[in-house]
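First up is the structure itself, then whatever we jot down about it.
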Amino acid sequence: LKGRVNISGAKNAALPIIAACILTQGTSRIKGIPRQLTDVKLMEELLCFLGLQVNHSGEGVLEICTEKENLVTAPYELVNEMRGSICVLGPLLGSRGKAKVALPGGCVIGQRPIDLHVKGLQTLGAEISFKDGYVVAKADRLKGADIYLGGAYGSTVLGTCNIMMAATLAEGTTVIESAACEPEVQDLANFLIQAGAKISGVGTNRLIIEGVKELHSVDYQIIPDRIEAGTFMAAAAITKGD
């Protein structure tokens with residue numbers, strides 16, 4: 001086709017899905033990873049720091065598996081570089097019972113708010129404190145609950161992702177009201193479902209998650225990036241091209 005382009009995988013879908021591999025057993029194969037992006041490279045580095053093995057098995061393909069399950073600290077040096085790294089909080093807490101994650105940018109909670117993340121995890125039964133620029137969370141096992149994630153600025157994408165990931169291995173049923181509905185949130189939900197999670201309401205602002213005992217590895221394709229696709233659409237319109 002004239003002017004044909006291939007759209008890269010969506011970064012904002014890739015980051016939480018890479019983080020979600022903390023929850024799975026075995027080796028997951030994630031395709032469509034936009035490797036040229038710094039945020040993706042930082043997330044890969046963070047997972048290695050947390051005891052996961054990350055290998056590149058082809059163009060835009062990551063193979064991820066857990067080697068050590070006792071590592072729970074996401075250090076400031078890495079989290080400071082990328083706000084999206086906060087999405088390791090939920091899967092660490094859900095699978096390892098503990099998490100120590102630097103606050104995004106190392107700042108106080110009021111400046112880069114993660115209050116809805118914290119509220120949701122506390123509702124699931126986590127004990128959370130803040131110390132030396134870190135959020136420290138622990139729970140023997142999370143328990144399902146009804147959680148409202150609406151806030152002054154609307155629903156939270158990363159907050160929805162964090163709570164959904166944590167709830168997949170919680171005991172009982174979790175209902176998230178005012179959940180974010182973005183395609184990237186839906187993609188994470190579909191990844192988790194393929195890995196064995198029980199999630200309904202995908203694509204709506206009401207998610208229902210029935211906790212399971214474990215998640216297995218998957219072979220998954222990341223959705224294309226909608227902003228990149230829109231950019232090429234605009235370019236074709238502006239140039240009156242194809």
Which of (1) 1.00; (2) 1.20; (3) 1.06 gives Cα Rg over 2.2 N^0.38 Å as computed here? It is (1)
Measure off, as a whole percent, the carbon and sulfur share of the 1.4 Å-probe accessible area of region 152-207, all protein chains present.
49
Assuming R0 = 22 Å, can you tell me the calculated FRET efficiency for the pair Asp219 and Glu45, based on Cβ-Cβ distance, to the nearest 0.05?
0.40
Determine the gain in length on full extension of the stretch Gln122-Lys198; use 0.36 nm per residue of separation and subtract their C-alpha separation, reporting nm with one decimal.
25.2 nm
So for each of 131-139, 91-99 I average, over its residues, the number of other beta carbons within 10 Å; can you give me the resulting order with the highest mean first?
91-99, 131-139
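With only Lys, Arg, Asp and Glu charged, each at its Cβ (+1 for the first two, -1 for the last two), find how big the charge dipole of the chain is about the Cα centre; round to the nearest 20 debye.
It works out to roughly 120 debye.
So how much slack lies between Lys138 and Thr38, counting 0.36 nm per residue of separation and subtracting their Cα-Cα distance, in nm? Please list the in-between numbers first.
Details: separation 100, 0.36 × 100 = 36.00 nm, distance 3.00 nm.
That pair, Lys138 and Thr38, stretches by 33.0 nm at full extension.
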Net charge within 14 Å of Ile208 by Cβ-Cβ distance, Lys/Arg positive one each and Asp/Glu negative one each, not counting Ile208 itself?
-1
Just to confirm, what accessible area per residue do you get for the chain at 1.4 Å probe, in whole Å²?
47
Of all accessible heavy-atom area on region 1-90, the percent that carbon and sulfur account for (1.4 Å)
43
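Quick check: net charge around Gly159, other residues with Cβ under 10 Å of its Cβ, Lys/Arg +1 and Asp/Glu -1?
0
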Output the antiparallel fraction of DSSP beta bridges having both residues in the chain, as a percent to the nearest 5.
70
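In terms of solvent-accessible area of protein heavy atoms at a 1.4 angstrom probe, what is the ranking of Asp219, Asp187, highest value first? Write down the numbers at each step before the final one.
On the way: Asp219 75, Asp187 5 Å².
Ranked from most to least accessible, the order is Asp219, Asp187.
With a cut-off of at most 13 other beta carbons within 10 Å, and DSSP calling the residue loop, which trypsin sites (Lys or Arg not before Pro) in region 169-242 qualify? Please list them. Display every interim value, and only then the final one.
Values: sites: Lys198, Arg206, Lys213, Arg226, Lys240; in loops: Lys213, Lys240.
Taking region 169-242 and a limit of 13 other Cβ atoms within 10 Å, the loop trypsin sites (Lys or Arg not before Pro) found are Lys213, Lys240.
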In terms of the charge dipole of the chain, which places +1 on Lys and Arg and -1 on Asp and Glu at the beta carbon, the residue among Gly60, Tyr134, Gly3 farthest towards the positive end is Gly3
Roughly how much of Val5 is accessible, in Å² to the nearest 10, using a 1.4 Å probe?
70
Distance cut-off 24 Å, Cα to Cα: go down the list Lys41/Lys131; Lys98/Lys119; Lys41/Lys213; Lys119/Lys198; Lys41/Lys198; Lys138/Lys213 and report the pairs above it.
Lys41/Lys131; Lys41/Lys213; Lys41/Lys198
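State to the nearest 20 debye the size of the charge dipole of region 1-104 about its Cα centre, where the only charges are +1 on K and R beta carbons and -1 on D and E beta carbons.
Details: 12 positive and 9 negative charges, 72 e Å.
Result for region 1-104 is approximately 340 debye, rounded to the nearest 20.
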What's the ranking of 174-184, 157-167 by average number of surrounding C-beta atoms within 10 Å, highest first?
157-167, 174-184
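Take the alpha carbon gyration tensor of region 47-189, find the square roots of its eigenvalues, order them as a ≥ b ≥ c, and report rounded if a/c is under 1.5; if not, report prolate when a/b exceeds b/c, else oblate.
On the way: a/c = 1.33, a/b = 1.23, b/c = 1.08.
Rounded.
In percent, what relative contact order does region 66-178 have, based on Cα pairs under 8 Å that are 6 or more apart in sequence?
Dividing the mean separation by the residue count of region 66-178 yields 28 percent.
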Rounded to the nearest 5, the percent of antiparallel DSSP beta bridges in region 10-136 equals 90
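The values are calculated or read from the model by the stated rules, or taken from the named source; none is laboratory data. Keep in mind the model is a prediction, meaning the values are calculated, not measured. Neighbour counts are summed over all protein chains in view; Cβ atoms, including those assigned to glycine, are modelled from backbone coordinates with ideal geometry. Note: areas computed on protein heavy atoms with side chains; ligands, DNA, RNA excluded. Shrake-Rupley method; radii C 1.70, N 1.55, O 1.52, S 1.80 Å.
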